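K.L.:
One structure follows; several queries about it will come next.
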Amino acid sequence: MLWQNNEANFINPRRMILTIVLGYLGLAVLAGMPYYCCGGLSWLDAFFEGISTVTLTGCSTVILPENLPSWILGWRSIVQWLCGYFTILLFVMLLPRFFHSSNLMFNGDLGEFHNWHMLPELGGVIRNFALLYGGLTIFTFVGLSLFGVPLWQGFHYALGTASTAGFNVQNGLILQGLGSGGKLFFAGTMLLAGGNYLFYYLLLKRGFDKKNFDEEFRFYFGLTIAATGFIAFNLWYLNFGGYALTDIFCQVSSFASTTGYMFINCGAWPVFSRFVLVLFLFVGGCAGSTAGGLKMGRCLVLLKQFNWDVNVIFHPQMVEGVLFNGRRIIASVCYMISFYFFAHLLMVVIVALGLALNDCVAVEAIFTACAALSNCGGGMSMASMSGNLADFSVLGKISLVLGMLVGRLEIFIPLAFLLPEFWQRNKDW
């Protein structure tokens, strides 16, 4: 009954929102239990680890994760991998089907791919996405093994890459002994993980043709290449030697996909190069992926809307509007994306204020808030002046938990709790 295309059969959005939020909190408690019971962490730190796991953030308050039992690290990698697959199903397939009256909220940024008549039935979608998600995981694991990465590390990195969680099982930079070819392979898998899985499905279904390439993915890939070039030029111009182009590309890919693995000590970079990375904390990966942030599609539509508005000022007779993937974006979608942009900025301010009460300096608070909302754990580590999230106070950790949860749930879902009519049963939701 839930899958019939009948408005009367759609699940009550209030119940769905409560189920999603309480489900994430419950999963966070479950994911953090091993840290509390066997890892020696306090209840708050254990819950922080659980939220970081289920929201695919990858940050940690554990100073030396390699000292934890291997089964705890394996538990975390497996849970975050499963949560990554659930995230794809939730935001690409389930929510647009359930929220008939709120479709634009969840899939307005998917361009032509919001037409669900293009997809098979529910069982086929689950199976196809599982094959894509699992295939990328196996492909990453096999590739890293061929490049000489130990099997245990390759297992964690493959699960962390596919889910864009990026949790590092050891304190420090990763894959230091890997050659240029292996790093390029790893960067490519991270970029794929941050792409739109619905686009991948349609691309495989239609075949590899230039006209089939999603405009958002081209923007995503082009922005990654451009950022790599800007950072490389900045490092060369200021005589910051010792950084190979492949290492820079790996680091940019990690932030572009919000995976968060740290390949280089970015804290030693000049301000411009670090600021370019921080911009990715705000933008995030593609819609329809496990990546966090605003999403490349939304940012691209905002840029096109800005360009169109400027042209309308000088050419009032223009009626073309904003085009995305060759199709006109209706005004309500543009409005919803603009509202989401404002809501994202507002949440950055709220989380940053909470961190500022933790005696964080302004720049650190803003950068860390952006990293929390984009679910990029590596960004938090880079933005934090202490380099260790364990040094944050209780209020600081609660602020980060709020940021991670709100960012993963696309901001709109938790904000529903602030509406008085949400709690009134006689109100129509």
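The values are calculated or read from the model by the stated rules, or taken from the named source; none is laboratory data. All of these numbers come straight from a predicted model, not from anything done at the bench. Here the Cβ positions follow ideal geometry from the backbone for every residue, glycine too, while neighbour counts run over all protein chains shown. Only protein heavy atoms, including side chains, enter the accessible area calculation; ligands, DNA and RNA are left aside. Shrake-Rupley method; radii C 1.70, N 1.55, O 1.52, S 1.80 Å.
K.L.:
If we count every other residue with Cβ under 13 angstrom of residue 413's Cβ, Lys/Arg +1 and Asp/Glu -1, where does the sum land?
P.N.:
Details: positive: 14, 15, 408; negative: 410.
Computed value for this residue: +2.
K.L.:
Over all distinct alpha-carbon pairs, what is the Kirkwood Rh of region 25-80 in angstrom?
P.N.:
10.7
K.L.:
Shifting gears a bit: Can I get the semi-axes of region 331-374's equivalent ellipsoid? Compute them from the C-alpha gyration tensor as square roots of 5 times the eigenvalues, in angstrom, largest first.
P.N.:
26, 8, 6
K.L.:
Can you check what the Kirkwood hydrodynamic radius comes to for region 231-333, Cα pairs only, in Å to one decimal?
P.N.:
16.0
K.L.:
In nm, to one decimal, how far is the modelled label at residue 394 from the one at residue 422, with both set 7 Å along Cα→Cβ?
P.N.:
Once both label points are built, they end up 2.5 nm from each other.
K.L.:
Evaluate Rg over Rh across the chain, taking Cα atoms for both radii and Kirkwood's formula for Rh.
P.N.:
0.95
K.L.:
Here is a further query. Across the chain, how many lysine pairs, 8 or more apart or on two chains, come within less than 26 Å at their alpha-carbon atoms?
P.N.:
Values: 183/295; 205/295; 210/295; 210/304; 211/295; 211/304; 295/304; 295/397.
Counting lysine pairs in the chain gives 8.
K.L.:
Report, by chain and number, residues whose modeled amide H sits under 5 Å from the one on residue 324, excluding near sequence neighbours (fewer than 5 apart, same chain).
P.N.:
329
K.L.:
Please list log₁₀ I(q)/I(0) at q = 0.17, 0.19 Å⁻¹ for region 276-357, using the Debye equation with identical point scatterers on the alpha-carbon positions.
P.N.:
Evaluating at q = 0.17, 0.19 Å⁻¹ gives log10 I(q)/I(0) of -0.79, -0.92.
K.L.:
Ok, one more. Using the Cα atoms as the points, what is the convex hull volume per residue of region 124-199 in Å³?
P.N.:
With only Cα atoms used, region 124-199 gives 86 Å³ per residue.
K.L.:
Fully extended, how many nm does the chain gain between residue 317 and residue 64 (0.36 nm per residue separation, minus their Cα-Cα distance)?
P.N.:
84.8 nm
K.L.:
Mind checking the full-extension length gain between residue 328 and residue 43? Use 0.36 nm per residue of separation minus the Cα-Cα distance, one decimal, nm.
P.N.:
The span from residue 328 to residue 43 would gain 97.6 nm if fully extended.
K.L.:
Shifting gears a bit: Relative contact order for region 232-274: what percent, with Cα pairs under 8 Å and sequence separation of 6 or more? If you can, show how the numbers build up before the last one.
P.N.:
On the way: 24 pairs, mean separation 18.1, N = 43.
Relative contact order here is 42 percent.
K.L.:
Please find, in a Gaussian network model of the chain (springs between Cα atoms separated by less than 10 Å), the residue of 379, 181, 293 whose mean-square fluctuation is greatest.
P.N.:
Checking each option, the largest mean-square fluctuation is seen for 181.
K.L.:
Given springs between every Cα pair under 10 Å in a Gaussian network model of the chain, which of 255, 186, 412 has the largest fluctuation?
P.N.:
With Cα springs under 10 Å in the chain, the top fluctuation among 255, 186, 412 is at 412.
K.L.:
Another question, then. According to a simple spin-label model (label point 7 Å from Cα along Cα-to-Cβ), what is the distance in nm between residue 237 and residue 146?
P.N.:
Taking the simple label geometry, residue 146 and residue 237 are separated by 3.9 nm.
K.L.:
Rounded, prolate or oblate: which fits region 152-258, taking a ≥ b ≥ c as square roots of the Cα gyration tensor eigenvalues, rounded meaning a/c under 1.5, else prolate when a/b beats b/c?
P.N.:
Since a/c reaches 1.5 but b/c is at least a/b, the shape of region 152-258 is classed as oblate.
K.L.:
Next up: Tell me which DSSP H helices of the chain clear both cut-offs, 24 Å or more of axial length from alpha-carbon atoms and a mean Kyte-Doolittle hydropathy of at least -1.0.
P.N.:
The answer, listed by residue number, is 13-37, 70-88, 122-146, 215-237, 296-314, 331-356.
K.L.:
Once amide H atoms are built 1.01 Å from N in the peptide plane, which residues 5 or more positions from residue 292, or in another chain, come under 5 Å H to H?
P.N.:
Under 5 Å from the amide H of residue 292 lie the amide H atoms of 285, each far enough along the sequence or on another chain.
K.L.:
Per-residue accessible area for residue 62 at 1.4 Å probe radius, Å² rounded to 10?
P.N.:
30
K.L.:
For residue 19 and residue 226, calculate 0.36 nm times their separation in residues minus their Cα-Cα distance, and state this gained length in nm to one decimal.
P.N.:
Residue separation times 0.36 nm, minus the Cα-Cα distance, leaves 70.4 nm.
K.L.:
Keeping all protein chains in place and using 1.4 angstrom, which order do 247, 391 fall into by accessible surface area, from largest down?
P.N.:
Of 247, 391, the descending order of accessible area is 391, 247.
K.L.:
Got the relative contact order for the chain handy, in percent, Cα pairs under 8 Å and 6 or more residues apart? Please report the intermediate quantities before stating the final value.
P.N.:
Details: 641 pairs, mean separation 79.4, N = 429.
So the answer I get is 19 percent.
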